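Following: one structure in C-alpha cells, then a few remarks.
Readers should treat all values here as calculations from the given coordinates under stated rules, not as data from a laboratory. Computed from a predicted structure; not experimentally measured. Cβ atoms come from the backbone with ideal geometry, glycine included; neighbour counts cover every protein chain shown.
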Amino acid sequence: MTGSDLRKKFLKYFEDKKHIQVKSYSLVPHNDPSLLFTNAGMVQFKNIFLGQEIHAYKKAVSVQKCVRAGGKHNDLEMVGRTARHHTFFEMLGNFSFGDYFKNDAIKYGWDFLTNVVGLPKDKLYVS
C-alpha cells in the first residue's frame with residue numbers, strides 16, 4: 001500500500017462515518033504566535049478545543065502537513081541518520097467536538113487498522 005492509498009482509505013473511512021474532510025492547515029500558523037510551524041493535526045482546531053470557536057460540524061478528518069524541528073518530541077539530531085526521522089510528515093487525524101469520546105475513537109482506530117488496512121491483530125500492541 002502506498003502513502004497515497006493510505007491517505008485515501010483513511011479519509012474515506014472517516015467520511016463514511018460522517019466526518020467532514022478538512023484541508024491541511026498552513027505550515028506556518030496564521031493566528032497562533034505560540035507556534036513557529038504547524039506541528040500536529042489538531043493545530044487548526046485549537047480554538048475549538050479551547051471553547052473559543054464553534055463549527056457547524058461535530059466530526060472532522062484531515063491529513064495535516066506538519067513540521068517538527070524542536071520541542072517535546074525533538075529528535076532533530078536523528079534526521080538524516082535513519083530512514084524514520086524527518087522534520088516534515090503528514091499526520092492523519094480524526095476529531096470529535098463533543099460527538100463521540102475515547103471508546104468510539106479507540107473502536108474506530110482499531111477497526112481502521114485491522115479491517116481496512118489489514119494489520120494483523122496479533123502484531124498490534126495497545127498502550
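Structural remarks
- Shown for Ile20, Ile106: other C-beta atoms within 10 Å of each C-beta, ranked fewest to most, produce the order Ile106, Ile20.
- Computed over the chain, the quotient of the alpha carbon radius of gyration and 2.2 N^0.38 Å is 1.14.
- Rounded to the nearest 500, the helix-only mean residue ellipticity at 222 nm of the chain stands at -6500 deg cm²/dmol, with each DSSP H run of n ≥ 4 adding -39,500 (n - 2.57).
- Gained length - Ala40 relative to Leu124, 0.36 nm times residue gap less alpha-carbon distance: 27.9 nm
- Residue exposure sequence - Val79, Val61, Val126 - by fewest surrounding Cβ within 10 Å: Val126, Val79, Val61
- Remark: the Phe89-Lys12 segment gains 25.7 nm on full extension, using 0.36 nm per residue and subtracting the alpha carbon distance.
- Taking other C-beta atoms within 10 angstrom as a stand-in for reagent exposure, Arg68, Arg84, Arg7 fall in the order Arg84, Arg7, Arg68, fewest first.
- Environment charge of Asp99, counting only residues whose C-beta is closer than 11 Å and scoring Lys/Arg +1, Asp/Glu -1: +3
- Note that segment 103-119 has calculated 3J(HN,Hα) couplings of 4, 6, 4, 5, 4, 4, x, 5, 4, 4, 5, 8, 8, 8, 6, x, 5 Hz, one per residue in order, obtained from phi through the Karplus relation 6.51 cos²θ - 1.76 cosθ + 1.60 (θ = phi - 60°); glycine and proline are x.
- Among Lys107, Lys23, Lys46: highest mean-square fluctuation, GNM of the chain, C-alpha pairs under 10 Å: Lys107
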